[in-house]
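The values are calculated or read from the model by the stated rules, or taken from the named source; none is laboratory data. Remember, it's a predicted structure, so these values are computed and weren't measured experimentally. Note: ideal-geometry Cβ built from the backbone for every residue, glycine included; neighbour counts use all protein chains shown. Heads up: the accessible areas ignore ligands, DNA and RNA and are worked out on the full protein's heavy atoms, side chains in. Shrake-Rupley method; radii C 1.70, N 1.55, O 1.52, S 1.80 Å.
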Amino acid sequence: LDAGKHISLCGPPGGGKSTAPEQYFIQRGLPFVVVNGDAGLRRRDLEGSVELVNGTTHFSVADMAAAALNGWGCILNEVNACDADALLWLNGILETPHRVTIHGKSYPVHKDFRLVVTYNAGLVGTKPLPQSFKDRFASFKLGFPDPTFLRKLMLAKGMPMNAPYANTMLRVASALWAAQEKGTIRYQLSPRRLFDAVFYVESG
């Protein structure tokens, strides 16, 4: 990001894909917006739409478009859940001459605009991203946290330091993740599901 690149982060949910860029922008005092790419996210959700207020219509610019115009950061989560027209709109921002189209007009993308997209390739209901789209980013793949870091995450989420189930849970989690990556099982364990398990155990 410091070098002016846009970033893509691929990995399991709960592994910090969103938290890492959020901390990047916060620590530098940079404004940013977060857009969640739920299934069916369309171009209008990124660009903006016409709204009726007090009997008058006006165009409301969406957070993503505002970020591109003003040079803010933007984190777009689960980009592989977006519809095709949203990806095509993003292409205009990411490729030369870097223009953003809003309500039929074209504007230059601010030189300080930085886009971070996150996605989980195994998430149900998502679509494979075109290689031409992925090539527009500096890409990083986040694996499942190693046992030492996973223990730290679970402690931060409320697991007691001397929890008797901790070692077993960590071994089972690592084995399930390895099996899913090999294609042996379809179920994808995530750190977030482990946090939920800790919550249920501790709440009795």
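Summary of computed values
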{"quantity": "For the chain, the spread of Cα positions along each principal axis, largest first, Å", "calculated": "61, 38, 34"}
{"quantity": "Column: log10 I(q)/I(0), Debye, Cα scatterers of region 160-204, q = 0.28, 0.30 Å⁻¹", "calculated": "-1.03, -1.10"}
{"quantity": "Rg followed by Dmax, in Å, when region 58-159 is reduced to its Cα trace", "calculated": "16.9, 53"}
{"quantity": "Antiparallel bridge percentage (DSSP; both residues within region 48-204; nearest 5)", "calculated": "70 percent"}
{"quantity": "GNM result for the chain, Cα springs below 10 Å: residue of GLU51, GLU95, GLU78 fluctuating most strongly", "calculated": "GLU51"}
{"quantity": "For region 44-132, with +1 on Lys and Arg beta carbons and -1 on Asp and Glu, the positive-most of ILE75, HIS58, SER132 along the dipole", "calculated": "SER132"}
{"quantity": "LYS134/ASP196 FRET efficiency (R0 41 Å; Cβ-Cβ; nearest 0.05)", "calculated": "0.85"}
{"quantity": "Per-peptide average of other Cβ atoms within 10 Å, ordering 106-117, 143-154 highest first", "calculated": "106-117, 143-154"}
{"quantity": "Nearest-20 debye value, the chain charge dipole, Cβ charges on Lys, Arg, Asp, Glu", "calculated": "460 debye"}
{"quantity": "Highest average packing first - 188-195, 162-169, Cβ atoms within 10 Å", "calculated": "188-195, 162-169"}
{"quantity": "Aspartates and glutamates with Cα under 20 Å of LYS111, excluding same-chain neighbours fewer than 8 positions away", "calculated": "ASP2, GLU22, GLU47, ASP63, GLU95, ASP135"}
{"quantity": "Sum of -39500 (n - 2.57) over DSSP H runs of 4+, divided by residues of the chain (222 nm, nearest 500)", "calculated": "-10500 deg cm²/dmol"}
{"quantity": "Residue pairs, from the table LYS5/LYS182; LYS17/LYS182; LYS17/LYS134, whose Cα atoms sit over 27 Å apart", "calculated": "LYS5/LYS182"}
{"quantity": "Solvent-accessible surface ranking, highest first, for ASP83, ASP45 at 1.4 angstrom", "calculated": "ASP45, ASP83"}
{"quantity": "Percent of Cα-Cα distances greater than 15 Å, calculated over region 14-123", "calculated": "65 percent"}
{"quantity": "Extreme residue, positive dipole direction of the chain, given options ALA178, ALA121, LEU189 (C-beta unit charges)", "calculated": "ALA178"}
{"quantity": "Calculated from backbone phi, Karplus (6.51, -1.76, 1.60) coupling profile of region 191-204 in Hz, x at Gly/Pro", "calculated": "x, 4, 5, 5, 4, 4, 4, 4, 4, 5, 5, 6, 8, x"}
